[in-house]
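Values in this text are rule-based calculations from the coordinates and carry no lab data. Everything numeric in this text was worked out from a predicted model, so none of it was measured. When we count neighbours, we look across all protein chains shown, and the Cβ atoms used for this are built from the backbone with ideal geometry, even at glycine.
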Amino acid sequence: MIFLQYGTVDVQDGAFVLVDAKGVRVHIPIGGVACLFLEPGTTITHAAVSLAADVGTLLVWVGEGGVRLYAAGQPGGARSDRLLYQARLALEDDLRIKVVRAMYKYRFGEEPPQRRSIEQLRGIEGVRVRSLYDLLAKKYGVPWKNRRYDPNEWDKADPINKTLSAANHALYGICEAAILAAGYAPAIGFIHTGKPQSFVYDVADLFKFETVVPMAFQVIGSGSKNPVRDVRLKSRDSFRESKLLKKIIPTIEEILSAGEIQPPGPTPESVPIAIPNEKGIGDVGHRD
């Protein structure tokens with residue numbers, strides 16, 4: 001997966017190229033690219049979009065560092081095997097509860113109570129989360145009542161709730177980009193359901209309290225005059241420095257594997273890999 005910015009994505013000699021304002025070309029081999037993230041300042045030609053469709057490279061239009069997701073091309077390389085896997089895990093109650101329990105364990109570092117329904121686990125999770133908010137408020141000296149977010153009454157929210165909302169949306173952007181790049185559906189959630197980004201919220205919750213939530217309290221505690229802007233910039237920089245995107249997809253795979261079923265293989269009618277890896281002619285240490 002590659003982030004591109006400040007240039008035009010085109011095709012030359014059968015490969016993607018990024019051409020900057022001075023005409024300098026950077027070649028991007030299509031065989032090793034599963035996803036191109038197009039950041040602000042990037043344009044793309046018809047030929048490049050056509051090539052991406054042919055070779056199964058996902059195009060995603062994002063904010064700087066992935067803090068926003070504006071649009072995406074054809075997710076999953078036109079294959080449905082991971083979508084079917086995700087859907088089965090979400091639809092079968094015994095499998096879904098295993099995934100939800102794995103999410104709980106990942107977040108809090110301990111096994112959830114036995115013989116609890118998803119609704120009961122949501123309630124237990126809510127108590128833990130409220131406690132974490134209280135601890136962060138005390139740590140950074142931020143006045144805190146509770147978490148309130150109403151997009152229709154944005155101006156009525158207090159500074160910390162506005163900053164938390166901005167930080168969370170930055171995390172949602174990079175999580176949705178990872179979900180699409182891996183070939184899953186943002187709408188098929190396990191804890192959250194019924195919304196276009198249900199799975200995005202599930203995945204973001206796994207990282208929220210080790211990334212953007214402490215950052216929001218820190219920004220407010222520092223006395224920032226524009227905390228919403230500052231937390232977006234800090235999120236962008238943090239995502240890049242920590243290489244968060246590389247952690248998200250393996251974590252998704254780990255959580256879903258708790259369902260203890262094998263992902264279905266591609267059907268014979270599936271679109272094949274456009275440029276398969278060539279089989280080596282020697283052992284592991286052989287060089288061509």
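Entry note, the chain: the mean residue ellipticity at 222 nm calculated from DSSP H runs of n ≥ 4, each adding -39500 (n - 2.57), is -15000 deg cm²/dmol after division by the residues and rounding to the nearest 500.
Fewest-first ordering of ASP155, ASP54 by other beta carbons within 10 Å of each residue's beta carbon gives ASP155, ASP54. Pairwise Cα distances in segment 1-108 exceed 22 Å for 45 percent of all pairs.
What angle, in degrees between 0 and 90 and rounded to the nearest 10, separates the Cα long axis of helix 93-108 from the longest principal axis of the Cα atoms of the chain? Helix 93-108 sits roughly 70 degrees off the main axis of the chain. Across segment 117-259, Cα pairs under 8 Å and at least six residues apart give a relative contact order of 24 percent. What the phi angles of segment 206-221 give under the Karplus curve with 6.51, -1.76 and 1.60, with θ = phi - 60°, is a coupling list of 5, 10, 4, 7, 10, 10, 7, 5, x, 4, 5, 5, 5, 5, 5, x Hz, glycine and proline written as x.
What is the helix-to-structure angle for 227-242, meaning the angle in degrees between its Cα long axis and the longest Cα principal axis of the chain, kept from 0 to 90 and rounded to the nearest 10? Computed tilt is about 50 degrees.
Binning the C-alpha pair distances of segment 2-62 at 5 Å intervals from 0 yields a P(r) profile of 4, 21, 35, 29, 10, 1 %, listed from the shortest bin outward. Excluding same-chain neighbours fewer than eight residues apart, the aspartates and glutamates reachable from LYS139 by a Cα-Cα span under 20 Å are ASP158, GLU210, ASP230.
Residues whose amide H lies under 5 Å from that of CYS35, counting only those 5 or more places away or on a different chain, are ILE2, LEU58; hydrogens are built 1.01 Å from N in the peptide plane.
Among VAL62, VAL231, VAL17, the largest mean-square fluctuation in a Gaussian network model of the chain (Cα springs under 10 Å) belongs to VAL17.
Straight-line cross-link partners of LYS162 among the lysines, defined as a Cα under 17 Å from its Cα and at least 8 positions apart when in the same chain: LYS145, LYS208, LYS225, LYS234. Axis of helix 46-55 versus longest Cα principal axis of the chain: the two differ by about 90°, to the nearest ten degrees. Taking amide H atoms as placed 1.01 Å from N in the peptide plane, the amide H of TRP144 has no partner under 5 Å among residues 5 or more positions away or on other chains.
Annotation: amide H of PHE16 within the under-5 Å range of ILE28, ILE30, sequence separation 5 or more or interchain, hydrogens built in the peptide plane.
Magnitude of the charge dipole for segment 80-259, about its Cα centre and with charges confined to Cβ atoms of Lys, Arg (+1) and Asp, Glu (-1), is about 480 debye. Across segment 126-134, coupling constants 3J(HN,Hα) worked out from phi with the 6.51/-1.76/1.60 Karplus curve, θ = phi - 60°, read x, 5, 5, 5, 4, 5, 5, 4, 4 Hz, and Gly and Pro carry x. In terms of surrounding Cβ atoms within a 10 Å radius of their Cβ, CYS35, CYS175 rank from fewest to most as CYS35, CYS175.
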